[in-house]
Structures are given as structure tokens and as C-alpha cells.
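The values are calculated or read from the model by the stated rules, or taken from the named source; none is laboratory data. In this text the structure is predicted, and so the values were computed from the model without any measurement. Note that we place each Cβ from the backbone using ideal geometry, even for glycine, and neighbour counts take in every protein chain shown.
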Number of protein chains: 2
Amino acid sequence: MREGAIKPEDSQPEMPRRRFLNSAAIAGLAGVGLAACSDKPASAPAAKASAPASHGNPGEDGGSVHLKPGELDTYYGLWSGGHTGDMRVLGLPSGREITRIPCFVPDALVGWGITNESRQVMGTNPDGSLKYTVADTHHTHASYKDGNYDGRYAWINDKINSRLARIRLDYFVCDKITELPNVQGFHGIFPDKRDPVDPAINYTTRVFCGAEFQIPLVPGNAELEKADKYRSLFTCVDAESMEVRWQVLIDGNCDLTATSYDGKLAATNQYNVENGVKYEDMMSAERDACLFFNVARIEAAVKAGKFKTIGSSKVPVVDGTREANKDPATALTAYVSVPKNPHGVNASPDGKYFICAGKLSPTCTVIELAKVLAWFDGKLEKIDQAIVAEVEVGLGPLHTAFDGRGNAYTTLFLDSALVKWNVEAAIKFHAGDKNARYVVDRLDLQYQPGHVNASQSETVAADGKWLAVGCKFSKDRFLPAGPLHPENEQLIDISGEKMVLVADHPVRGEPHDFIIFKRELLKPKQVYSLDEFPNAVKDPKESGVVRNGRKVTVKMTSLAPAFSLREFKVKKGDEVTLILTNLDKVQDLTHGFAIPKYNVNFIVNPQETKSVTFIADKPGVFWAYCTHFCHALHLEMRSRMIVEA
Amino acid sequence: MREGAIKPEDSQPEMPRRRFLNSAAIAGLAGVGLAACSDKPASAPAAKASAPASHGNPGEDGGSVHLKPGELDTYYGLWSGGHTGDMRVLGLPSGREITRIPCFVPDALVGWGITNESRQVMGTNPDGSLKYTVADTHHTHASYKDGNYDGRYAWINDKINSRLARIRLDYFVCDKITELPNVQGFHGIFPDKRDPVDPAINYTTRVFCGAEFQIPLVPGNAELEKADKYRSLFTCVDAESMEVRWQVLIDGNCDLTATSYDGKLAATNQYNVENGVKYEDMMSAERDACLFFNVARIEAAVKAGKFKTIGSSKVPVVDGTREANKDPATALTAYVSVPKNPHGVNASPDGKYFICAGKLSPTCTVIELAKVLAWFDGKLEKIDQAIVAEVEVGLGPLHTAFDGRGNAYTTLFLDSALVKWNVEAAIKFHAGDKNARYVVDRLDLQYQPGHVNASQSETVAADGKWLAVGCKFSKDRFLPAGPLHPENEQLIDISGEKMVLVADHPVRGEPHDFIIFKRELLKPKQVYSLDEFPNAVKDPKESGVVRNGRKVTVKMTSLAPAFSLREFKVKKGDEVTLILTNLDKVQDLTHGFAIPKYNVNFIVNPQETKSVTFIADKPGVFWAYCTHFCHALHLEMRSRMIVEA
């Protein structure tokens, strides 16, 4: 454990000098000296702490972390793909990446951004080019039923372009992308877990989205520099239609997002209530906020017409500012104060609490949801009375996971550690019981941990077996491979009293958040049905070239090891739409289709149909070929495109 | 072991019915029934075969396959990235992916295809758009010195667009891409290992490239359908300049490529000597060829002006057709016949042999290089006398690796197995010694293996410790994740007499080939020098906005947690070039830079400089932000771009 880290035995109760990082400490933070990644490797005795042998039977409950060849994982992980703009699907506890689902950024294997079908999902400019080709995905969450994942959908956000993507968890494909209006830097997302009013709707129907950057909402050069007038909005997207239902104009900004198990509350933490434009301004206030949204009241207000719209957007926007929501009887929002520049906000699996991690404060703040609702009901005098604990846990707390046994696990970015603490003990301690020892265990991590999640942690079925941490720096943990190091996703066995580090996994930047759940919650489909595709070429006999002026349609099927058209002819300048149906029915008998020099490559899975459109602008012979190994005669599987000059 | 597979005890000597797949068998191959991936899972008792416990100490020499947290791998792996168009860098024996190096396809993390520097490497159209955005990488090999890797360069091919990329192995970046002229479907590559003439050049100076698809070399509509006139070329690229040195016009096509340790010979296997355009035609001949190139003679011919050029290309093309090379005294090429539709051709680490795998023939053909040279010297009557063995190994042999102890390991695609066989024993058997038992061991694989390589296998330092196999189908080996299954890279301990399967790794399609070598052969650099970038902004004081008409240059530096310009202002319609230098010096203290709605995202590593150019076509406030976690105040690290209408 490095110098300055809190040791379990001294973490409480007397640490007044560390209660909050004071101004001097914050000034230091901003300098290079305390930058996240220091030159010297941490001196943590990780080997000892991480030796599985010291723990008896690590992974005993969830199976060994080291699977034998042919053994299947027991958990799925859905990981944000970072700047690759996709969702990564992992098997756990092995940590193996099973697939990546393209969403926001083109993918040259699948043909995402190349096929007409994917381009429609992604969105195009009037000239036909893709609207966006970069992304920065952060958070991924899945749809709920009765407080557990129901295997229908997952969602993921793109912070750069304020987009929300939905993934169908039957076929593991992205089927809808929504760009949020009126906001910038959309960061946190969370689906609701049931309807706040209708008890029959015991499943996800909304996704909440927090916008991080405040921007001018009024057009015109005069508004561009009036930073004090910049605003941020909180957005509700319909889980089925993926249309934006409503937005809330707020004070301050949105960072992470959480939702209650009863469907009544959503919340976002705010690190910039100051509306600052430079980082020094953004951390000038001693306390920021965790901002609660009363979902039922907001929707009643929208229904009653109590909203405005912004610019050309038709989305109803209600007023969630502090000034407009002082009266609990009518308030749509409630600002609970928390120490400066908080980061994660996470819902405990017992449904009782939201926990805000302090980031620049060494504390976690526990907010009791029943008390927040009591305030809305006029039964709590001050909203900050909903804070039932605010306890020190270590330096740089960022995110919190749960084991379903009353313990929370919070990453400590500056300490490079994970702290296990007991929520009820922390509440007792905060209430005055100085003998309540809430810190249960600490574990050094490698290095600078950010997101954390445990198996089933964000459900009522939290099972406290495995925990993963996304460490932002790996430093010396993997073979060097140039200036860009991988990040280090660490797997920890939390089935016992003591935490045990069991594996390091390098990952490409920058996954951020993820969820881990039991494999039996998903029932993926492996083969499509031809009927799902209106343009399917159901019989090889339908294959051929149909000309309509300069527009040419080429219909084709595949059946290993041949395409139904061994050749086809078009003329230079034709607009060619090629439709390919894979008639193979065997699981995973996927074919690829590439045309040299024409920027065409995509795959068709069994019984799937895809299409591409291109201008045949180069005369010659072009051997379209199967790019996805399918058969002993795969290399020989080609179709000859002849473009006449 | 499944029905129909060869058992070691019956693999020789009497198997006349299996000597070659006859016409009936081939017809069956083409049907769905014998497609690569059949519906029923293989009944291989993999669990038993793969239990490490049965082997004593698997991985004893190379360390355990299961590294403890913090333990480093002992080998690097450079893997083709398949359709992602990048090179994957793995650590072995853990199989962990450490990084991916973008080459042919844009990468939204690095900003590959977005920064001006990367766009120059990739190549652009006259309108500024990227020339290509898809790729199909197959083979990766590294530069040699004295028969072992020297850590300078690696190369990787793109089959779709006939491109060769070079990777600098100091910074793990792609620095040059060459598009080969006059060819299509460029597939196999291999660097030479020394100069054929100058003994002082004991390192790689050439990269050989085989073009798979035959195409018309003469323009005009009349030529488009004359398939019998289509031709393929073999290409030599200069390893330093990356310019094409010369090409050889050949009969038939090129598939994989190999080079001799003495620098004198390069070769390519040919599966389509028939010039067929449909797969039935491509496999009509009973024997195809392994085509040898006499490098010194070809270069002498080029020097003597004995070449032509094709179309607008200035590359010298010599005549390597059968007709022009009948006389050994002057021949540039030699066609050694091998059984129909061969696939891999691999050089044994003792420097003596090239081994061709039969694919549609259950055989491997061993060609002795000294005898090929003897033919060129007029000392061998018929070139086919260079064949010193042609032995049965199993169904669907594709590629071969070596352990440096005289054994070869050949993947059997149709048998889903790996066969270990002794080369000298095979030669004895072929010479008539029917007691020579060349098959040493067989191991079932999961499933349909393609490429294979062993640690240091393609060097004089082959060490026979680890072997990896790229299985084309994983079927039931991983959790289901929709219709597209991962492929299965299997790791095998070959340090003992018996092979032991130790791990399954799912990978995204489709890696194809790879190399594995000792970590001490690489000395990567972790921090750039500012002087490597002519446009570096070396001091924050140089930051600012410089206008030249509608062209605006924005110079900026980064130092955690701030950009030197907290804001900058441009006008709608400006062409903005933004230059960003990262002044942080700490290893891995990388920053990202994204501009919402402007398709800008890239990273700058410590002391690196990058630039982007875009038209400021949207007025408003755009929060450029750091997209690569760098510091506790990373979220607050922004620069405000104000675009005035």
C-alpha cells in the first residue's frame, strides 16, 4: 500500500485533516506532480495481495477463473467499447471477448456503415455520407423486468455526438440510434426499472440520459460567450420507439445517472453546479449536487402542457431549475447537496439508497430514497435530510458496486485501490455510533481504477461473486507495445470476506462502464429467418441483374462454396444495388462479400439478407470474393463483376 | 476422434483409397453436406485430450499459460487483424491482446483516418476522402537479421485492395502503405531473410507479395471476358522505401508465399494453374504447382533491361511464364508440381525445405531447396525431382509450423485436427523405407483449423514451446452471442512428445496468420521526442489562432488536466487546421481530443504531435474535450470552440 493511502485500521473515525481535500490539495491535484499517472510504479505488494492461494478457494462459488478448453463461462459481460463505438460482449470469469457489436462507428468486418441497412440505423448526410464516424461510448445498461435483466435490450451512449444506441439482445445487433436534441456531451444513461404509476408495467419503458456540457440554448453570436446562460438538460427516451419523450431544463450539469427500483426516481450527479467553463471554476464550490427527478410529476406536467420547446425541436421541455422547484408539493426536481465534484451515483440492490462517490472529496454520500420521496410528499423539512451517511472511504472515490450482502465496493482513483464498506454500518457511524466500523477490506489495484461492477450488482439479484474494475492505467502490467498502453480490467473474487485479485486483462481504450449477469438470462438466436428481411432473395432462381435506366439491381444468394451468380455485368456509371441472401442454414456458416477497389465488404449470417449500393465508376474485372472462411473451397468462392467501359 | 479421421496407427503406409481425394469426394466437398461447419458438434473427446494434468507440466519451459496478476508474458504475438484492417499485438502464453495497430481501416480511438498524418499514410481521393475504408488482412511477418527477427518492422497485407502496410516496431505504428499495381486479390507475403548476392546484407531488404486473382492486363471491353488471357503477377517491394521494385508475370495464380534462409529463393503455391473462373474449373487439374523465383536472376534481368511495363505503371515486369523459362540456364522461375489446390507453403527452420500442404489432397509435399537450386544450375534433370517427400498426413492439410527439433505440425481443416510429423522420417518413407513412421502425434482441434504457427517457428531459433492454431469455427466453445460466432484461437503446448491443448481464445474474424517470438527481440519506445514532429508546438506560449484568409491554424498543447487554449474562436466557413502537441512526458499519459458534431477524435501520446483539418460549417459552442482518461480532473479537461455565424 502506497504512502498516503488509508489503511483499514486508520480509516475511521478520526481523520479531520482528510475530511475534504482543501484548496491547497486541489491546487496540487491540478499540477503534473499529482497527475493520474506518476512516473514511479506503485510500490504496492500486489503479488502478495493477489495470490489466489492466500484466499482458500477463489472463485469457488462461480467456478474457476481459469476455464479449461471447452468450458463455458457462467456470466455474460456487456462492456462499453470506448472509442471503437461498439459494445463488447465478454464471457466471465474468463474475461474472454466473445464478440463486438458495432453501433456508432463503421465496422469493416460486419459491413456496418457499408450496408444500406446499417447506414439507415447510423444516419447519413444529404449527400449520402455517414453523418458521424467517431464515437466515445461510456455506459451500457440493459432492460429490466421485476428488478432483474430480462434479455430484451441493452443501451449504450456516444458522448461526442450525444447519441443513444439500442442493441437487440436476441441477435446482438444495434437496431436504433437516437441523437438527443438541445444537448452536448451526453454522458450517463440508465433505463428505468418499472413504471412509477402503472404497476402492470414492471419492466423498462424509459431510458434516462444526462447531458454533461452546458451550451447556449438560444441561437445568435451574442449568446455564444454568455457562459452563465449556458444550460444542460436531462432527457427521457422511450425504450421501444427510441423517440425522445421529454427533457428537463436544469441548473448545473449532468454526469452519471441512476434509477430507483420502484420507478419513481431518476437522478444524476452534478460536478459543475457553478456553470464554470474552466476546470478551476468547475471546482470552486464546496458542494455540488445529486439531482433527483420525480418521473410521475414530470410526465403529468408534460401531459398538462406545462412545457416549452427549444428551437426546431418538438420535444417537450419542463422546467427543472432550482428556482422553479422550491415547493415540494409541486417540485419536479430536488437538488440534494453532495461534496464537490462528485462522480458515480449508484443504486443499492435493496432498493433503499443512491450512493454518490466524492471524487474530489474522500467520501461517499448515502441518500435514502424513501426520504427523498418524503420530501416530495411534504414530510421532510429539508431535502438534505435525505443524506443518511457521508463517510470517508479513501482518496478519489469514483464508482460503487454491491454484493447483495449489504456491502458496497468503491473505486479509489487516487489511492489506486478498492474499498469494501458496509452501508448500514456507515449509516450508524454517520448517526453518531463511532464504534461502527464500516470499512471491511481494502485491495490495491493496478492502477487508477474508474468504473467498477459486480456480478448482478445493479439488480435485485446481486450475487456477490465476481467484481471487475476498469483501471485507467496499466503501466507495467503487460508487455510494452509502444506509447499507447492498454488499460487494465482486473477481475476480483468477492465471494469471501477478503477480496482477492485473480486476473489482469489488457483492453483497448476506453471501456468505461459495463454490466455482468448470469448467462441464463439471455437466450440469443443463432440463425435468422428469411422472412425477417423484406428484400430477401429466397431462391437462387431469383438471382439476376435487373436494369432500370442507370439503376441496376443485382440479386444473389450464397450457399457454400458458391455465390448463385458466378459473374454479373454492369456498365460504367451505373448505380448498382446488390442484394445478397445467405441461404446456408448451419449455425455460424457466415459468408463475406468484398469487391476490390469498391470499398465494399460485409458479412451475411445464415439466412440473413444485406444490401449495398455503389456507383460502378471503374471499368474492368473485379473478383468479388467470400471474405469469411466458410468451406475448404472458400478461397475459390468468388463472383466476377465485369464493369464495361 | 471423429469418424473418417486418420488414426496415427493407420495413417501409413497402406491407404490407397485415401491417396488423393477422387472426383466423387471433391463433388461431395462442394455440397452442403460436407461444408466446413456441419450441424452436429464434433464428437471429439476434447476434455480428455486437453486436460493439462495428463501431460505432466504443460508449459513448463515457457511458464504457465495462466499468468498470475502482474506476471508478464514471455512471447509477443503479432496477429493479422482480419477485416478490422489492423495488426493485433498479443502476449503469449496468456493470449491477451495488448494493443491493435490501425493500418488499412480508420480507427476512432487513435484518430487513424482522421488526423492529417494518418490520412497521408492511408491515401486519399482528389476530393479529400479516404481512398479505402475496408480491408481484409491475412498475413503478417517481421523483418529478419541472420535468420531471426530483428525488431525493426512488420508487414501486413490487405487482400481486398492489394495493399501492403509496414509497421514500425519501435512505436508500434503503421508508417507506410503501398498499393500494388497490375494485380488483384494480393494474398501471401513474406520478407526475404538476406540478400541472394551480397553477404553483407544479412537482413531483410525485400518483401514478396503473391497476387491471387487473375485479371485482364490489357484495357478495353473486348478483353473483359477473355478469362484465358487473365494473368497474375508476383511482386517484390523494397523493405525500406516501400516502393515496388519489380514484378513477375506468371502462369497460374499466387496464394501463400515463402522465402529461403539463404535469400536465393522465394516461392508461392498455386491453386489455380487452370486459370479457372469458377471453382469447379479451378480444381479440374490433378496437380497444381509450387512456383519458385530465382531472385538474383530476376534482378539481373531487370538491371539488363529485360522487362516490360503494364499500362501507366512504371514497375519493371519480367516474364516468368512456363513457356519463357524452360531452359534452366536462363530460367527466372521454376514450377514444381504439387497435388491439386495446395494451400500453405512454409520454410523449415533448418533452411532445407519448403513444405506445401495439399488442401484437396491429404498430403504434404516436401521440396528440397538445394535441389531446386541444382535445377537452376543445370545439375538436376527435372524440377519435380526436387520433391523429396509427398506423404499422407490427413484430410485438408492447410499450413505447417515447426519445432526446431525436426518435426512439422500441419493443420487438417477437414479432420479438425493437428498432425505432428517428422520431416526426415517422411523423406525416408517416401524414399521407400516403409518402416519409417513419420506421424508422431495427432490432436483434435475445435474446429476446422486454418493457420498455425509455433514460437519462433519461422526463424532459425524455432524453440518448440508453444503453438497457436486459428480455428475457423468455434461452434459450441463459447457462450452464444448471436449469429456471428467468434473464431477459436487455440494454444497448444508442444514442448513434450505429445501435444497438449491448454487454452481456447475467442477472436473476432478473421485473423488468419500470425507470428510468435521471444519478448527480448523487441525494444519498444514508450515516449516520443518532440523533434520527431516538424509541426510540434513545443511551448504552450506558441499556442494561439493564426488566420490566413479563410484558413485558420489553431496551435495548442496539452498538460494534464488542461489544454493550453481553454477556448478558441473561428468563423463559420473557415478551414481550420488544429495542431495539438502533448507536452506530458510520463509514459502512457495520453490525451484524447474530440469535437462534438465535427467528426474529430484522436489521441496524442506523450510528446507526440497530431493535426486535423476541418471546415467549421456549424455555428455554436462546441466543447472539445479530452477523451482518454488522464487525471482526476479528466472530465473537466476541455477547450471551448466558438464558431461565430
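Which ones in segment A:156-183 are free of Cβ contacts under 8 Å to residues at least 40 places away in the same chain and either closer than 17 Å to A:Gln120 by Cβ or in a strand (DSSP E or B) (or both)? Of everything in segment A:156-183, just one residue is free of Cβ contacts under 8 Å to residues at least 40 places away in the same chain and either closer than 17 Å to A:Gln120 by Cβ or in a strand (DSSP E or B) (or both), namely A:Arg168.
Examine segment B:294-316 for a residue that is within 28 Å of A:Arg638 (Cβ to Cβ), in contact with a Ser or Thr (Cβ under 6 Å, 6 or more places away or on another chain), in the same structural domain as B:Asp228 (by TED's automatic domain parsing) and not charged (D, E, K, R), and state whether such a residue exists. Within segment B:294-316, none of the residues are within 28 Å of A:Arg638 (Cβ to Cβ), in contact with a Ser or Thr (Cβ under 6 Å, 6 or more places away or on another chain), in the same structural domain as B:Asp228 (by TED's automatic domain parsing) and not charged (D, E, K, R). Are any of the residues in segment A:595-604 farther than 20 Å from A:Ala108 by Cβ and either of a type outside the set (Phe, Trp, Tyr) or at the interface with chain B (Cβ under 9 Å from one of its Cβ atoms) (or both)? So far as segment A:595-604 goes, no, none of its residues is farther than 20 Å from A:Ala108 by Cβ and either of a type outside the set (Phe, Trp, Tyr) or at the interface with chain B (Cβ under 9 Å from one of its Cβ atoms) (or both). Pairing residues of segment B:375-387 that are closer than 17 Å to B:Phe354 by Cα with residues that are assigned to a loop (DSSP other than H, G, I, E, B) and modelled with pLDDT of 95 or more, at Cβ distances under 7 Å and at least 6 apart in sequence or on separate chains, gives B:Trp375/B:Pro328; B:Phe376/B:Pro328; B:Phe376/B:Ala331; B:Ala386/B:Leu380. Within segment A:617-638, identify whether any single residue is in contact with a Pro (Cβ under 6 Å, 6 or more places away or on another chain), of a type in the set (Phe, Trp, Tyr) and either in contact (Cβ under 8 Å) with a residue 40 or more places away in the chain or over 30 Å from A:Gln526 (Cα atoms) (or both), and answer yes or no. Yes, there is a match, as at least one residue in segment A:617-638 is in contact with a Pro (Cβ under 6 Å, 6 or more places away or on another chain), of a type in the set (Phe, Trp, Tyr) and either in contact (Cβ under 8 Å) with a residue 40 or more places away in the chain or over 30 Å from A:Gln526 (Cα atoms) (or both). For segment B:498-517, the candidate set comprises residues that are part of a strand (DSSP E or B) and within 11 Å of chain A (Cβ to nearest Cβ); within that set, the residue that is surrounded by the most Cβ atoms within 10 Å (Cβ to Cβ) is B:Leu501. For the residues B:Ser50, B:Ser54, B:Ser64, the requirement of being within 30 Å of B:Pro524 (Cβ to Cβ), of a type in the set (Gly, Ala, Ser) and either in contact with a strand residue (DSSP E or B) (Cβ under 6 Å, 6 or more places away or on another chain) or at pLDDT below 95 (or both) singles out B:Ser64. Residue count for segment B:81-122, restricted to those that are at positive phi and within 7 Å of chain A (Cβ to nearest Cβ): 2.
Here segment A:558-586 is the region considered, the condition is being in contact with a Phe, Trp or Tyr (Cβ under 9 Å, 6 or more places away or on another chain) and within 11 Å of chain B (Cβ to nearest Cβ), and the residue that is farthest from B:Gly276 (Cα to Cα) is A:Asn582.
Of all residues in segment B:449-472, none satisfies being among the polar types (S, T, N, Q), closer than 30 Å to A:Ala154 by Cβ and either outside the structural domain of B:Asp192 (by TED's automatic domain parsing) or in contact with a strand residue (DSSP E or B) (Cβ under 9 Å, 6 or more places away or on another chain) (or both). Note on segment B:342-400: residues that are over 21 Å from B:Asp255 (Cβ atoms) and of a type in the set (Phe, Trp, Tyr) total 2. Of A:Tyr149, A:Tyr153, A:Tyr144, A:Tyr132, all but one fail to be assigned to a loop (DSSP other than H, G, I, E, B) and in contact (Cβ under 8 Å) with a residue 12 or more places away in the chain; the exception is A:Tyr132. When you look at A:Val277, is it closer than 23 Å to A:Lys229 by Cβ and either within 14 Å of chain B (Cβ to nearest Cβ) or among the aliphatic types (A, V, I, L, M) (or both), yes or no? For A:Val277, the condition - closer than 23 Å to A:Lys229 by Cβ and either within 14 Å of chain B (Cβ to nearest Cβ) or among the aliphatic types (A, V, I, L, M) (or both) - is met. Screening the candidates B:His628, B:His634 for the property of being within 7 Å of chain A (Cβ to nearest Cβ), part of a loop (DSSP other than H, G, I, E, B), over 17 Å from A:Val183 (Cα atoms) and not small (Gly, Ala, Ser) yields one hit, B:His628.
Only strands (runs of 3 or more DSSP E) whose full extent lies in segment A:234-278 are considered here, and none of them has at least 2 residues that are under 17 Å from the mean Cα position of the chain (by Cα) and farther than 12 Å from A:Phe208 by Cα.
For A:Ser143, the test of being buried (at least 20 other Cβ atoms within 10 Å of the Cβ) and under 19 Å from A:Trp246 (Cα atoms) is failed.
Filtering segment B:81-114 to residues that are under 19 Å from B:Asn599 (Cα atoms), under 17 Å from the mean Cα position of the chain (by Cα) and in a strand (DSSP E or B) leaves only B:Pro102. Scanning segment B:208-219 for residues that are assigned to a loop (DSSP other than H, G, I, E, B) and under 23 Å from the mean Cα position of the chain (by Cα) returns a single hit, B:Gln214. Scanning segment B:318-338 for residues that are assigned to a loop (DSSP other than H, G, I, E, B) and either more than 14 Å from B:Phe292 (Cβ to Cβ) or not small (Gly, Ala, Ser) (or both) turns up B:Thr321, B:Arg322, B:Lys326, B:Asp327, B:Pro328, B:Ala329, B:Thr330, B:Leu332.
Under the condition of being out of contact with any Lys or Arg (no Cβ under 9 Å at 6 or more places or on another chain), within 8 Å of another protein chain (Cβ to nearest Cβ) and not in a helix (DSSP H, G or I), which residue from segment A:220-231 is surrounded by the fewest Cβ atoms within 10 Å (Cβ to Cβ)? Residue satisfying both the conditions and the ranking: A:Gly220. Please determine whether any residue of segment A:290-304 is under 27 Å from the mean Cα position of the chain (by Cα) and either modelled with pLDDT under 95 or part of a loop (DSSP other than H, G, I, E, B) (or both). No, that holds for no residue.
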